[in-house]
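Enquirer: Dropping the structure in here first, questions after.
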Amino acid sequence: MAIKIRKSYKFALRSSFLITVFLAALFVVFLFLNDQLNWLHFVMFTLVCFGVCFAIIQIRVERFIYRRVKKIYDDVSLLESSSFSSKPITTDMKTLIQEIEKFAEGKKIEIDTLKIREEYRKDFLGNVSHELKTPLFTVQGYILTLLDGAMNDKKIREKYLTRANKGVERLIYIVKDLDLITKLEAGELKLDREDFDIVELIQNVFDLLEMKAAGKEITLTFDMEYTTPVYVNADREKIQQLISNLLVNSIKYGHPDGTTEVSVENLVKNKVIIRVTDNGVGIPKQHIPRLFERFYRVDPSGSRKEGGSGLGLSIVKHIIEAHDEKIYVESEVEIGSEFSFTLEKTKNRTS
């Protein structure tokens with residue numbers, strides 16, 4: 001596409017005016033000294049002088065600047081800058097400088113964003129390799145031990161195969177979570193919305209996690225007795241996973257003889273808020289902004305000791321965002337944490 005030029009006459013006009021004033025003043029002095037002062041001659045001289053100066057300056061400067069400005073635009077076009085390629089070339093230096101500064105600022109933001117993404121990519125790959133490495137090496141160690149002759153002993157064979165199977169299960173767990181979070185982030189996972197009783201769903205999760213909670217001597221309970229159903233409209237399976245992830249976290253970081261309490265409250269006319277509150281170890285304030293990042297751990301050694309993929313809270317965040325809802329966190333060290341999220345109440349039933 002041919003490059004258009006947007007001309008500027010400011011420089012030529014100002015320069016011509018100054019030169020004309022100077023020459024006109026000189027011309028008046030010359031005529032006055034020779035007693036030949038004629039105002040008609042003066043006006044004609046001034047107009048001719050201004051026109052000639054303007055033409056020479058405009059043509060010369062325009063060619064001089066245009067060649068250099070065109071090179072700048074040609075160089076910039078190699079960067080596929082739509083902000084430049086879509087506009088005509090200007091020979092006005094002030095406008096040109098503003099456009100280049102705006103372009104440079106945009107590129108700086110773009111470069112900074114790419115650097116952040118590159119760091120995030122490096123962290124993510126490092127975390128994935130670390131999370132997969134541990135169970136892989138564990139499984140490999142048990143299998144190699146069995147191949148070295150330990151499988152001839154029935155008790156050792158069963159023991160090591162059971163442990164190797166647990167390692168494989170952990171790998172499958174991590175891969176499934178990675179697959180789910182990738183689909184959630186890419187928007188490929190469609191929600192199967194339906195109306196269901198959130199109280200009943202929470203009770204089902206309590207039942208599923210009863211043994212795990214009992215192992216840590218933690219009580220899972222509601223804040224009150226809910227005698228009537230509270231119907232919401234959401235993806236039942238995803239919300240069950242969300243609540244399960246939050247409760248597993250509260251069990252993992254809870255104190256023995258602790259309590260995890262869930263409440264369901266009306267927020268506004270068409271919203272409810274579900275709160276998951278525990279009296280566990282709590283989260284230091286500096287970690288809260290990064291809680292929902294993939295593989296982010298407040299206590300890396302302790303977290304890995306407890307197991308899990310390191311993706312639980314990140315999945316929670318993406319499930320909530322897929323529902324166009326919000327999630328909130330409040331926590332105090334050694335006092336406990338509260339995770340709360342909103343859901344849409346069903347329109348055809350009342351709570």
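The values are calculated or read from the model by the stated rules, or taken from the named source; none is laboratory data. All figures in this text were calculated on a predicted structure; none of them were measured in a lab. All Cβ positions, even for glycine, are placed from backbone atoms using ideal geometry, and neighbour counts span all protein chains on display.
Enquirer: From (1) more than 28 Å from ASN279 (Cβ to Cβ); (2) under 29 Å from the mean Cα position of the chain (by Cα), pick out the condition that doesn't hold for VAL232.
Expert: Answer for VAL232: the failing condition is (1).
Enquirer: Can you pull out the residues in region 210-228 that are loosely packed, with under 14 Cβ neighbours inside 10 Å, in a loop (DSSP other than H, G, I, E, B) and of a type outside the set (Ser, Thr, Tyr)?
Expert: Once the filter is applied, which keeps residues that are loosely packed, with under 14 Cβ neighbours inside 10 Å, in a loop (DSSP other than H, G, I, E, B) and of a type outside the set (Ser, Thr, Tyr), region 210-228 yields GLU217, ASP223, MET224, GLU225.
Enquirer: With LEU267, LEU191, LEU161 as the choices, which residue is assigned to a helix (DSSP H, G or I) and either modelled with pLDDT under 90 or crowded, with 16+ Cβ neighbours inside 10 Å (or both)?
Expert: LEU161
Enquirer: Something else now. Among the listed residues ILE174, ILE156, ILE181, identify the single one that is of a type outside the set (D, E, K, R), in contact with a Gly (Cβ under 9 Å, 6 or more places away or on another chain) and not assigned by TED's automatic domain parsing to the domain that holds ILE239.
Expert: Only one candidate passes the filter, namely ILE174.
Enquirer: Go through ILE243, ILE274 for me and flag whichever is of a type outside the set (Lys, Arg), within 28 Å of GLU334 (Cα to Cα) and assigned to a strand (DSSP E or B).
Expert: ILE274
Enquirer: Let me ask something additional. Kindly list, by first and then second residue, each pair from a residue in region 171-182 that is closer than 13 Å to PHE295 by Cα to a residue that is not in a helix (DSSP H, G or I), limited to pairs with Cβ atoms under 6 Å and residues at least 6 apart or on different chains.
Expert: Once the first residue is closer than 13 Å to PHE295 by Cα and sits in region 171-182, its partners that are not in a helix (DSSP H, G or I) give ILE174/SER309; ASP177/SER309; ASP177/LEU311; ILE181/LEU311.
Enquirer: Take ARG193 and decide whether it is within 19 Å of GLU344 (Cβ to Cβ) and basic (Lys, Arg).
Expert: yes
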